[in-house]
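Here the structure is laid out as structure tokens; the discussion comes afterwards.
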Amino acid sequence: MEAEPPLYPMAGAAGPQGDEDRLGVPDGPEAPLDELVGAYPNYNEEEEERRYYRRKRLGVLKNVLAASAGGMLTYGVYLGLLQMQLILHYDETYREVKYGNMGLPDIDSKMLMGINVTPIAALLYTPVLIRFFGTKWMMFLAVGIYALFVSTNYWERYYTLVPSAVALGMAIVPLWASMGNYITRMAQKYHEYSHYKEQDGQGLKQRPPRGSHAPYLLVFQAIFYSFFHLSFACAQLPMIYFLNHYLYDLNHTLYNVQSCGTNSHGILSGFNKTVLRTLPRSGNLIVVESVLMAVAFLAMLLVLGLCGAAYRPTEEIDLRSVGWGNIFQLPFKHVRDYRLRHLVPFFIYSGFEVLFACTGIALGYGVCSVGLERLAYLLVAYSLGASAASLLGLLGLWLPRPVPLVAGAGVHLLLTFVLFFWAPVPRVLQHSWILYVAAALWGVGSALNKTGLSTLLGILYEDKERQDFIFTIYHWWQAVAIFTVYLGSSLPMKAKLAVLLVTLVAAAVSYLRMEQKLRRGVAPRQPRIPRPQHKVRGYRYLEEDNSDESDAEGEHGDGAEEEAPPAGPRPGPELAGLGRRPCPYEQAQGGDGPEEQ
């Protein structure tokens with residue numbers, strides 16, 4: 001019986017038509033290798049390259065959206081839980097029935113102290129943590145600490161609430177510094193993937209001109225802050241759908257309130273000690289906290305699963321290899337730069353204004369006059385106004401750079417003057433529309449402030465070795481300002497408005513002075529970033545072309561060292577006693593490796 005022929009012809013075997021296939025190409029052992037394993041005949045290298053970089057750009061957009069959504073969910077959960085927790089603990093009946101003599105007011109004061117005081121030390125450890133863990137993993141760990149703070153509210157005790165508040169305070173500045181650095185890096189990578197065809201005369205990729213990533217940075221910062229400011233609206237969902245059903249109306253809570261607005265002292269002087277009409281059941285509280293915990297866990301998954309790395313692994317190695325002592329010192333050395341010194345008043349005002357929106361406008365003007373049940377709607381108006389106005393930062397694509405930042409300062413200046421002379425009457429709702437308009441306009445100024453500052457820092461400091469230091473300094477000054485507001489919470493409203501007004505004017509004048517110096521061409525004094533000192537040689541350091549060379553390494557203007565090793569192999573006997581043992585690759589090349597510095 002004859003054997004059946006195989007279904008598929010065997011490689012290298014002659015076909016039924018002899019030694020040639022139907023295309024006329026030899027099919028036996030003499031077949032050329034290129035015909036067997038060569039490229040696809042219709043392969044279009046330029047089209048494949050275009051598709052590759054399009055996928056890279058879509059990946060960058062995915063990173064920006066994931067980081068923005070993660071930050072929005074994280075702060076929405078944190079602010080919503082903290083607001084609900086403080087309202088429940090403020091009620092005398094709730095404290096006595098639920099917790100007896102445990103001393104919840106004292107626990108709350110220590111918890112707020114941990115959140116507001118701990119960031120003062122963040123300048124000492126934030127750059128070290130970001131360089132050690134990496135930008136993406138620092139974001140993930142910080143979001144995880146926020147989720148830890150949410151989880152401790154299942155069992156409200158001193159030994160759960162206060163330590164978690166201290167940990168959260170330690171994570172505030174690293175989270176914001178890493179997020180600012182991350183968005184800036186995404187803009188630079190998007191520019192790189194969009195201009196991949198730009199080459200120099202020798203066919204090599206040329207370094208993009210300084211500031212070329214600015215349009216993408218404007219767009220990404222507008223997207224990020226548009227998402228983030230929605231967190232204030234998301235934080236009001238527990239209040240609107242749960243806690244408002246248990247609150248007394250304004251006639252009860254504001255019965256002893258005599259003055260509001262510019263005539264008030266402290267925070268809600270004379271406010272009733274009982275604000276809950278009925279106490280919420282423990283089961284309902286557990287359900288709400290479980291939903292918040294699930295959202296916090298979702299934010300962690302977004303950052304972990306959808307946010308890509310900000311740097312290549314070899315770049316991360318270079319950033320760490322400058323030495324931990326240098327990493328610790330460099331934030332302080334950047335004080336030499338006159339641009340940062342001129343922006344410090346704006347950093348401080350940025351912390352003042354966001355806390356004034358939550359305590360001054362929302363409480364001193366809003367709750368004091370229209371009741372606690374309308375607090376959520378005031379903050380929603382602020383949130384929606386800020387989120388929509390964040391897109392106004394895109395005007396920087398066509399307008400001069402100072403316009404958005406100065407416009408935001410002008411809006412706040414006008415509102416501060418109006419609030420300085422306005423004292424709403426308690427328990428009168430006719431002027432409530434003015435409060436909503438004021439909250440929305442304050443949100444517009446806040447959005448222009450935050451978007452403008454972050455974009456400005458990303459444009460002025462585009463070297464990847466400096467970005468984490470710069471954003472650490474920015475958010476550390478914000479934390480100092482928030483701590484100052486925490487200390488002065490008992491001051492009269494007129495004193496708070498006066499401090500706000502003076503800081504705003506000083507910030508605007510100082511910023512315009514900085515822009516004037518830049519137009520005159522005054523060179524900033526930046527500290528030199530040391531060259532990486534690699535103790536372990538791996539595959540990445542065997543190539544002659546360093547594709548991860550930073551802007552600071554290649555330009556004299558940044559004060560970087562320019563030490564090029566001599567070309568050609570170096571003989572072993574000359575350096576045998578000076579350096580390390582050569583790696584196998586260097587032994588094969590006949591040299592002893594680079595000279596130790």
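For region 320-420, what is the Kirkwood hydrodynamic radius in Å, using each pair of distinct C-alpha atoms?
16.8 Å
Please state, to two decimals, what the Cα-based radius of gyration of region 68-152 comes to when divided by 2.2 N^0.38 Å (N = residues).
1.35
Assuming R0 = 45 Å, can you tell me the calculated FRET efficiency for the pair residue 258 and residue 290, based on Cβ-Cβ distance, to the nearest 0.05?
Values: r = 41 Å, r/R0 = 0.91.
Efficiency, from the Cβ-Cβ distance: 0.65.
Please give the contour-minus-distance gain from residue 513 to residue 281: 0.36 nm per residue of separation, less the Cα-Cα distance, rounded to one decimal in nm.
Length gained between residue 513 and residue 281: 77.8 nm.
Which value, to two decimals, describes the C-alpha radius of gyration of region 40-88 once divided by 2.2 N^0.38 Å?
Against the compact-globule rule of thumb, the ratio is 2.21.
Please quote Rg/Rh for region 258-381 to two decimal places, taking the Kirkwood radius as Rh and restricting both calculations to Cα atoms. Mind showing how you got there, number by number?
Details: Rg = 23.2 Å, Rh = 20.2 Å.
For region 258-381, the value is 1.15.
Return the tail of the calculated pair distribution for region 444-542, meaning the percent of Cα-Cα pairs more than 17 Å apart.
70 percent
Using a Förster distance of 22 angstrom, determine the FRET efficiency expected from the C-beta separation of residue 487 and residue 128, and round it to 0.05.
According to the calculation, E is roughly 0.20.
If I model a spin label as a point 7 Å beyond the Cα along the Cα-Cβ vector, how far apart are those points for residue 151 and residue 99 in nm?
2.1 nm
With N denoting the number of residues in region 324-369, provide Rg(C-alpha) divided by 2.2 N^0.38 Å, to two decimal places.
1.83
List, in the order given, every pair from 273/450; 333/494; 56/450; 136/464; 333/496; 197/464 whose Cα-Cα distance in the structure shown is over 26 Å.
273/450; 333/494; 56/450; 333/496
Which distance in nm do the two modelled labels at residue 414 and residue 274 give, with both placed 7 Å along the Cα-to-Cβ direction?
Between residue 414 and residue 274, the simple spin-label model gives 4.6 nm.
Which three numbers, in whole Å and largest first, are the semi-axes of the equivalent ellipsoid of region 247-291 derived from its Cα gyration tensor as √(5λ)? All intermediate terms of the calculation are to be shown ahead of the outcome.
Working: eigenvalues 175, 33, 10 Å².
Semi-axes, largest first: 30, 13, 7 Å.
Over region 409-480, give the accessible area per residue in Å² for a 1.4 Å probe, as an integer.
Roughly 31 Å² per residue, with all protein chains present.
Set the Förster distance to 60 Å, then compute FRET efficiency between residue 336 and residue 44 from the Cβ-Cβ distance, nearest 0.05.
Details: r = 52 Å, r/R0 = 0.87.
Efficiency, rounded to the nearest 0.05: 0.70.
Report the dimensions of region 148-301 along its three principal axes from the alpha-carbon atoms, largest first, rounded to Å.
78, 39, 28
Could you tell me what % of all Cα pairs in region 275-315 have separations over 17 Å? Could you put the intermediate results ahead of the total?
Working: 473 of 820 pairs.
Tail of P(r) above 17 Å: 58 percent of Cα pairs.
From zero up to wherever the largest Cα-Cα distance of region 391-469 sits, split into 10 Å bins and tell me the percent of pairs in each.
16, 36, 25, 15, 7, 1
What is region 41-163's relative contact order, in percent, from Cα pairs under 8 angstrom and six or more apart in sequence?
Details: 32 pairs, mean separation 35.4, N = 123.
Answer for region 41-163 is 29 percent.
Which value in Å is the Kirkwood Rh of region 281-341 over different Cα pairs? Please report the intermediate quantities before stating the final value.
Values: mean 1/r = 0.0624 Å⁻¹.
Over region 281-341, the inverse of the mean reciprocal pair distance is 16.0 Å.
Per 0.36 nm of contour for each residue apart, how much would the distance between residue 425 and residue 207 grow if the chain were fully extended, relative to their Cα-Cα spacing?
Once the chain is fully extended between residue 425 and residue 207, it gains 72.3 nm.
Separation of region 418-488 and region 357-400 by C-alpha centroid, Å?
The distance from the Cα centre of region 418-488 to that of region 357-400 comes to 10 Å.
Starting from the 7 Å offset along Cα-to-Cβ, what nm value, one decimal, do you get for the label separation of residue 244 and residue 501?
Spacing of the two 7 Å Cα→Cβ label points: 3.4 nm.
Taking every Cα atom in region 382-515, find the radius of gyration and the maximum pairwise distance Dmax, and write them in Å.
16.6, 55
Taking 8 Å as the Cα distance limit and 6 or more residues as the minimum spacing, I'd like the relative contact order of region 179-302 as a percentage.
In percent, rounded to a whole number, it is 18.
The values are calculated or read from the model by the stated rules, or taken from the named source; none is laboratory data. What you see is a predicted model, and the numbers here were worked out from it, not measured in a lab. All Cβ positions, even for glycine, are placed from backbone atoms using ideal geometry, and neighbour counts span all protein chains on display. Heavy atoms of the whole protein, side chains included, go into the accessibility calculation; ligands, DNA and RNA do not. Shrake-Rupley method; radii C 1.70, N 1.55, O 1.52, S 1.80 Å.
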